[in-house]
Structure formats: C-alpha cells, structure tokens
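Okay, structure first, notes after.
The values are calculated or read from the model by the stated rules, or taken from the named source; none is laboratory data. Quantities reported herein were computed from a predicted structural model and do not represent experimental measurements. Cβ placement follows ideal geometry from the backbone for every residue including glycine, while neighbour counts extend to all protein chains displayed.
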Amino acid sequence: MLRLAKIWRIVRRIVREPLGALGLGLVVLVVLSALFADVLASYPPTKLSPADRFAPASFQHLLGTDHIGRDLFSRVLYGGRIALSIALGATGASLVIGIMLGLIAGYGPRWLDNILLLVFDALKSFPTVILALTLVTITGPSLMSVVLVVVLVSVPGYARIIRTQTLVLKSAEHVMAARSMGAGSARILTVHILPNVIGPILILASMDIPVVVAIEAGLSFLGMGVRPPTPSWGSILNDGFANIRDSYWIVVAGGLPIILTTLGFTFLGETLRDLFDPRLKGRV
Amino acid sequence: MSDDALLSVADLHVHFRVGGLMSTLAGQPSHIEAVAGVSFAIERGRTFALVGESGSGKTTLARAVNGLQPASAGSIRFEGRELIGVPKDEWKPIRRRMSMMFQDPVGSLSPRLSVRSLLAEPFVIHGLSRRDLNAEVMRLLALVGLPSEFADRYPHQLSGGQARRVGVARAVALDPVLIIADEPTAGLDVSVQGEVLNLLNDLRDRMGLSMLIITHNLHVVRQIADRMAVMYLGRFVEEGETEPIFTKPHHPYTAALLSANPEPDPDKVHNRIALPAEVPSLLDRPSGCEFHTRCPFARDICATVVPPSTMVGASRITCHFPLNTELRLATSESI
Amino acid sequence: MTVLDIRDLSVDFATESGALQALRKVSMSVPENRIVGVVGESGCGKSTLINAILGLLADNGEVTSGEILFEGTHDLTTLAGTAMRDLRGQKIATVFQDPMGALNPVLSVGRQMRDIQYRSNLSRREKDARSIEMLRKVRIPDAEQRLVQFPHEFSGGMKQRIAIAMALMMEPSLLIADEPTTALDATLEVTIIELLKELQQQIGCSVLFISHHLGVIAELCDEMIVMYAGEVVESGTTRDVFHNARHPYTRKLLACDPARLTHRARRLPTIPGTLPDLRNRPEGCVFQARCELADATCSRMPPDEEIAPGHLARCWHTEASVMIGAGA
C-alpha cells in the first residue's frame, strides 16, 4: 500500500512538469498500443494483400499499406511490441549484469576490480556499430543478436557507475556498522549498498531505452536485426525508403513511432532525473 | 592487569601501508605505525576512555579491537580468548559479545532501512530471526526511551539524539558484554549529550556492560569513564584512574589538553599550557620523547632519550619530568 | 556606530506541508569593534539568520517582516543581487566550519589570495606582499615559501587560519564566523580563538561569531544572543548572560554544559522535551512546553523584559527563573 502511494506521488510530480506530462503520456501510449496490438490491429501484420499495394491512408488502412499490401498500422503496432520488448529486455539484462559486476568490482578484492575494469574499458573502446556488425556476422541476424549487442555496449557504463558508488559506500559508517555486527558480504551488498546506489542507474536506464529502440531500428533497417516478415519499425522504414518517391507514408509509418518513443522516454527520463537529482534534494 | 579482565590488550601494533613502490625506492618508509605498542585492560562492568587529538590513533585502536582493522603485532585477549589470528569466519560469535557504535549518529544507520529493520538486523545477522522480532524491536525502543511509533521512521527523519538512541539500541540488542563507542556524543547538542551519557551509564549499570569510549571531549570522559588513557602519535602518554588524572595530570600533554578547554565563564583567567607547532607526521616521528617538539617543559635529554614508562601515583606515564609531583625536582636534579 | 542592526526579522520557508517560520521577530545588533556571539542548539535558526544577512536564503525562503541594516544605510533584505555581491567579501566576510568551503583545491593559496584583491590597484608583487603579511598575521610559518602551495598541503588548523586570513584580507567591517572551530581539536580551537581576538583588535572590525560551544562564546565574545526555535530568547553582555541568565532556556542550557561540572555527576542535566514544530508554532512563549515555570500567562507572547541596561530576556517570569538550574 505504502509503495503504491509513493508511486502515485511520483507520478503527480512528473505530471506537474509539462515535458514530464508529455513524456509520460507518450510512453503510456506506446506501451498500451504494444500491449493491445492484437486488439487494436484490424489485420494480421504479415498478411499480404497484393490488391491493396501502396494504398495511402484511409479508414480501412489508417496508415496505408506497403509494397506488398500489408496494413502499416497493424505492422507499426506489432513492431512496437518487438521494439519495446527488445528495449526492455536488453536494458533489463544490462542492468542486472552491470549492477552485479559493479558491486563485485567495487566491493571485491583489488585484483578482481582491476581485471573487471580492463574488461569494461576493452568493451567501451569498441565502436558500437563495428561491434554490432561483427556480432551479426558471427551469429546471423536475429532478435538475440540485437539484445546481445545492446548488453555488451551498455553493461560497462552501468557497472562503472555502480562500482564508483560502491567504493564510496564501502567505507561509509553504516557499512562499517553492519560489518562490526557480523554481517556477511552478501548482506552488506544487498541490504546496505544496493538500495543506495540503484536510484541513479534506474534513471539512466530509462534514458537509455530510446537509444536501444534506435539501435534495434537501425540494425533492422540495415537488415541485420529482426528478420522479415516479423514487423519492425526499422524494416518498415527500409521498405518505405525504397519507395519514398511515390509512397511517402511508409517512411512516416516507420519513422513516427521511433521519434515519438524516443522523445517520450527521453522527456520522462529527464524529468525523473531532475526530480531525484541529489543536488536539488537539499532544498526544503 | 588482573587475569579476570574482560579485555586485555598488550603491546598492540597496527601498521598502514603508505605510498607506492616509487616512494619505497626513494627511501621513504613504506608503513606508518598508527598504533605503536599499546597495553591496557578493561575489567568487567567498567568503562575505559581513549582520549587524543585527531590522528592520534584512537579510532584505529578501537577498530583493531573489533577486528575491522587487522593488527600487525601484539595481543588482544577478550573473555580469555586471543583475537589476533582468529580467522575471518570465526569472528561472528565474537561480534555478538562485543558491539561497536560509530561516530555519525545518522550516518551509521543504513539510510534506506526503517528503524524497525535496523533494530531487527542484529537478530537476523546472527540467525535469531525465529524470535519474535517485533517484540524485540519494541523492547529495544523502550530500553532507550523512544516511543514505539519510531519503528516506522527512517534515519533521515530522526534528530541526532534520536538517531544516537537507535544506535545504542542496536549495540545492546544481543546482550553484549563490551561496547566500543567511537565519539558517542559527537555532533550532538549539549542538552542531548547529557541524555545519551545518562542512557549509556544506565545501561552499563543495568546490563553490567563494559565500555571502551573513544573521544576527544574531555568532559565526556570525566562523566562516564573509570579509567582513561591519553594517546599521542599512537602511544599512551598517560594511563590511569580518571579522577586523579583530571585533578592532577602528570604528563604535560594531558595537562595541555585539560587546559585547552574553554570554560563557560567569561571571567575565568586561563592559565593555558600553549602547545606550539603542529602534531608531527607519523612518517617522521621525533627522536627521544615524541612529544618534545611541542612540550613547553622539554629539556635537552627529551630530544635524545626515550622516556621510560613509569608509575607516578596511580597513573602510568611516559615522561622524563612529570608534573604535579615532588618527584619531579628530585629526578631533574639527579640527571 | 552600529555595524549590523537587525530589527524584527521574520523569515518563512514554504514547505509542502505549509509555511515554516524559521525566524520570528529577531532583533539584535553588532556594534562597531565588538564580538557578538550567537548561541543555540540545532534547529534554533542560526543558519537561517546568517543566510538572511548574506542574502543567501534558499529559493523557498522569504523575509516576511523586519530589516537588516548594514552600517546604518543598506537594508540587506532589499538589496539587489549585484549590490549584495559587492558587499560580500569586501565589507562582509565569512569563515565557515569547513575551511575547504573557502579554498579552491586546484589553485595555489597565493593565487587565491591575489584573486581576492581584484578590486585593488596594487601590482602583482604588492598583492603577494600583502598576502604574505596576512599569512604571517595568522601565524603560518614560512609564509613566502608556502604561498605557492595548494590547500591540501596544509593541515586542518592551518587551512582554517588561511581561510581567516583570506576573509580579513579586504579589512571588512563585519566578519561572520560560523562555527569556525567546531571541526578542530581543542588545542587548535583555543589557538584559533586567540588569533581571532587579536586580529579583530588589530583590524578593528566587528565579528558575529556563531557557536554551540558555550565555553568558546564566554572566552571570545563581548556580547551574545541566545536563540531558541527561531527566536532570540535572551541577549546582553556575555558577563550578564553567563552570570545572571534570566530566560529559563538559557539557564537550562548553561546547566547542561558538562564543563560546568567539576565532579562526576550521577546524572547529567538535560532539557526534557523537544523543539516545537515550526510549522505550527505555539501561541505565546516558544519555550513553554519545556518550561516548569509555564502558566496561563505564557500563552501570550512574552515581552523582551529588560533585566539590566542592554540585557533582555523574552519571558514572563524573569524573577522566578533564577530558581532554574540553580543546583548545577
């Protein structure tokens, strides 16, 4: 009960900011439309109907159809499912791995910290695109390879932040107090350190979601992500790109959701960051 | 030092590594001795105070006793058991018998835990969670004089005095025999300081606790400690019963510390023993008596000969020319 | 002349649960060439008072009544940003508990001391000479050589002395010292007090000295005010307040100071009860809930009773209060 009340309070504070309200609205819209894609879509996303090729927007096809007559509105909705599940799955996986590695690096022995730092630096120094292309070449284009790319790219960043804060907290008095009571490392990490370092990283992660959406769309656009006929905003964009001269609406259908999702999560993340920024917290 | 002492520390040394390979190659010392050969004992039910300025090694000494800081040499016997060399995984039962309170009243409480969780934590850590935790929490709150609704507060909602009470409750939760308290009144208002000291004194009487108090506040020492030691550069310069030391300090450093206390009386004439210069660096300990660089009574011999540890009255001191004693003239003439 | 004259100052903070009155009708003055102490426990409004003087109240703070007259002319509550900035550092200087607040860790001490003198027309060499002179005054040995060093190369006591040297560099008319000795060991504390006293006489400035340490106030200050829950409950010369305190809170506070007890006490004196909720101040006397003399009269606002010339206590029972804390 307490938790619900707290979430409600945070939501109210977000909505008070114009950009926060817009961000939250867009995120809710995107999430709902992805969740209820099968209810909202009037056609199966992969259903071909050669008779209706290149149909512009109408009441029958809200966003028109593509070069093989698939209903774009339905494809956008189902594409949202793919985009969001990749974004949430990959970000979640990176968070879990990053937090664990960060805690180990920060609290564990010095030599282990040094090894982990070396690994983080090595991963960071790899340009994202090259890393993605290399991986896809090895594993072949698939949902999993997109997730893997995202995880490899974002884990070092999360882990480094957690590591730095863990190092600071390691010698904090409340941690010393727990040690003097006989608490083991697992308890100290989960009860006394993690709850105090997780806030900023969650906000950072919410701002990383649009980046992942863009990576997924980008890889799919290049044909290295989600494989056709599975709908993806990136591949819709690609379809539209080939026919941009006479059927502009296909590009719009692929591009608009990417823009809206990116903006929504970014506005929301920025509002959250401002709300929880420790430098602003001191004010009565 | 009697055999039945609860805690007896003998010739304890604690080293810290400083600098890297380069400074070692450059001939600088690679270690500093934060605690350099300290001996004392605490009897059951008694309170011992460690006094000294920042950097004197008093906190390091306390952490070494609690096993948070490894000692490099010497002996720490607690309830008859030698603590030096005890492997890490055998510390847990010892920590049940000996608890520690840290300086910052609010900062030593985990910020995201409620008072209830904080008070239940000792039981959870020591696998006693089958007890009725709620009853234990209520018992502890009552013990330190906090209303039961405080169980649902968080550390940032507590005043310094209230947070300190929670700290005390945590320290006595598992019925320890020894409490080590690092600056138990630091950062508290004077009216609250009294409350905390009264509480500690009460609990000591009721539970038969022994206490090791670390502080730079001499007034606190006088009100709570039976015995005290004054530390300077990691060694004791004077150790003995509290009251005689306050009325007749024998070591010039003790006397200087006592006289440095501004008193709440605008008409008081201060006969201060001024301490010139700064505390020397542990990397570069002075020769002879280590206090001679700041001692207003220092003579030639102090710079060259290490003073022996002697009993003057009931105190053990390390000084060539102790104050407040007839012995002083005699010694100085015989040299 | 009065350097600082505060009249009926009230400050409110807007909070989510309503207005919090942090200062209520605070009146005090700092005469020329005097050291005035401010004593009070946490939550008494000391920091709000300083911030109000410096024009540094948080965004949600508002001066609801009163004025702060500086040198008889400027009302600091209405002074605009630039005019206030010109006063700060030149005419009004501050020293804080943590000297690192005043020192920039990445600039040498000499550079920082030169920078403070940006207003003067002296040459670089003359400015450095002045810095060395100031460092000598605060007894930093080898001042010339140490000018090129960085803050971390000095000990805590030295850093605080450098901060004092920097604050007094421009010969301000008012130095605000906010718990400058609290973080220091007792032996260093007394040297800083003696230094402050000496420099104040040399420069001839006034000092507003905030401390919770009664002994330090007794030793250093000529006059003092005692604050409780955002009000000045007693004010007067240090001698009057320490020897003839008449507000029950002052008497209790003095009795609590363990430095007064020359023997081991069975129980240390305390002040039972807690501060009132400043969002919901009691009618009348602010101390009544914790005062054994409180009666029906106390639910009306007490007057500032004059005990002796210049010695005021905001209490209805200044006659009876001498009984309080007498045992200590």
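Values computed for the structure shown
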quantity	calculated
Some residue of region C:214-227 being closer than 30 Å to C:MET169 by Cβ, away from chain B (no Cβ under 11 Å) and not in a helix (DSSP H, G or I)	yes
Number of the exception - C:VAL106 against (1) β-branched (Val, Ile, Thr); (2) assigned to a loop (DSSP other than H, G, I, E, B); (3) crowded, with 20+ Cβ neighbours inside 10 Å	(3)
Any hit, region C:179-191, residues being part of a helix (DSSP H, G or I), of a type outside the set (A, V, I, L, M, F, W, C) and either more than 13 Å from chain B (Cβ to nearest Cβ) or under 24 Å from C:HIS311 (Cα atoms) (or both)	no
Subset tally (residues that are more than 14 Å from chain A (Cβ to nearest Cβ), assigned to a loop (DSSP other than H, G, I, E, B) and either surrounded by fewer than 21 Cβ atoms within 10 Å (Cβ to Cβ) or free of Cβ contacts under 8 Å to residues at least 60 places away in the same chain (or both)) for region B:54-86	8
Any hit, region A:141-150, residues being farther than 30 Å from A:GLY80 by Cβ and either away from every other protein chain (no Cβ under 14 Å) or small (Gly, Ala, Ser) (or both)	no
Residue count, region A:15-44 (criterion: touching a residue at least 24 places away in the same chain (Cβ under 8 Å) and either within 15 Å of A:ASP71 (Cα to Cα) or of a type in the set (Asp, Glu) (or both))	7
Single residue of region C:231-244 satisfying the filter (in contact (Cβ under 8 Å) with a residue 12 or more places away in the chain and within 12 Å of chain B (Cβ to nearest Cβ)) that is nearest to C:SER321 (Cα to Cα)	C:ASN244
Matching option when the condition is part of a helix (DSSP H, G or I) and either surrounded by 14 or more Cβ atoms within 10 Å (Cβ to Cβ) or on the phi > 0 side of the Ramachandran plot (or both), among B:LEU128, B:LEU140	B:LEU140
Meets criteria (touching a helix residue (DSSP H, G or I) at 6+ places or on another chain (Cβ under 8 Å), within 11 Å of chain A (Cβ to nearest Cβ) and more than 19 Å from B:VAL168 (Cβ to Cβ)) for B:GLY127	no
Criterion: buried (at least 17 other Cβ atoms within 10 Å of the Cβ), over 30 Å from B:THR47 (Cβ atoms) and outside the structural domain of B:THR215 (by TED's automatic domain parsing) - qualifying residue of B:THR293, B:THR304	B:THR293
Among (1) in a helix (DSSP H, G or I); (2) in contact with a His (Cβ under 8 Å, 6 or more places away or on another chain); (3) without any contact (Cβ under 8 Å) to a residue 40 or more places away in the chain - the single one B:ALA120 does not satisfy	(2)
Residue under evaluation B:PRO93, criteria (1) within 11 Å of chain A (Cβ to nearest Cβ); (2) of a type outside the set (Gly, Ala, Ser); (3) in contact (Cβ under 8 Å) with a residue 40 or more places away in the chain; (4) loosely packed, with under 15 Cβ neighbours inside 10 Å, criterion not met	(3)
Hits in region C:253-289 (condition: within 14 Å of chain B (Cβ to nearest Cβ), in a helix (DSSP H, G or I), within 17 Å of C:VAL233 (Cβ to Cβ) and in contact with a helix residue (DSSP H, G or I) (Cβ under 8 Å, 6 or more places away or on another chain))	C:LEU253, C:LEU254, C:CYS256
Given (1) within 14 Å of another protein chain (Cβ to nearest Cβ); (2) at positive phi, index of the condition C:LYS46 fails	(2)
Some residue of region A:55-73 being among the aliphatic types (A, V, I, L, M) and part of a helix (DSSP H, G or I)	yes
B:ASP104 vs. criteria touching a residue at least 12 places away in the same chain (Cβ under 8 Å), part of a loop (DSSP other than H, G, I, E, B) and in contact with a helix residue (DSSP H, G or I) (Cβ under 6 Å, 6 or more places away or on another chain)	yes
Flag if C:VAL207 is in a helix (DSSP H, G or I) and over 17 Å from C:ASP98 (Cβ atoms)	no
Residues of region A:27-54 classified as surrounded by 13 or more Cβ atoms within 10 Å (Cβ to Cβ) and of a type in the set (Asp, Glu), total	1
Hits in region C:208-246 (condition: acidic (Asp, Glu) and touching a strand residue (DSSP E or B) at 6+ places or on another chain (Cβ under 7 Å))	C:ASP222, C:GLU223, C:GLU231, C:GLU234, C:ASP240
Elements of type helices (runs of 4 or more DSSP H) contained in region A:86-174, each with 2 or more residues being within 18 Å of A:HIS192 (Cα to Cα)	A:143-170
Residue that is under 30 Å from C:ARG161 (Cβ atoms), of a type outside the set (Lys, Arg), within 14 Å of chain B (Cβ to nearest Cβ) and touching a strand residue (DSSP E or B) at 6+ places or on another chain (Cβ under 7 Å), where the choices are C:VAL30, C:VAL36	C:VAL36
Residues that are more than 13 Å from chain B (Cβ to nearest Cβ) and under 26 Å from B:GLN193 (Cα atoms), drawn from region C:290-302	C:CYS291, C:GLU292, C:LEU293, C:ALA294
B:GLY313 vs. criteria more than 12 Å from chain C (Cβ to nearest Cβ), surrounded by 14 or more Cβ atoms within 10 Å (Cβ to Cβ), within 29 Å of B:SER210 (Cβ to Cβ) and at pLDDT below 85	yes
From B:ALA135, B:ALA142, residue being touching a helix residue (DSSP H, G or I) at 6+ places or on another chain (Cβ under 8 Å) and more than 9 Å from every other protein chain (Cβ to nearest Cβ)	B:ALA142
Residue in region A:259-266 that is part of a helix (DSSP H, G or I) and either within 30 Å of A:LEU169 (Cβ to Cβ) or within 14 Å of another protein chain (Cβ to nearest Cβ) (or both) present	yes
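Here is a yes/no grid of residues against (1) more than 25 Å from C:LEU268 (Cα to Cα); (2) crowded, with 24+ Cβ neighbours inside 10 Å:
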| position | (1), (2) |
| --- | --- |
| C:ILE203 | yes, no |
| C:PHE209 | yes, yes |
| C:GLY215 | no, no |
| C:ALA218 | no, yes |
| C:SER235 | yes, yes |
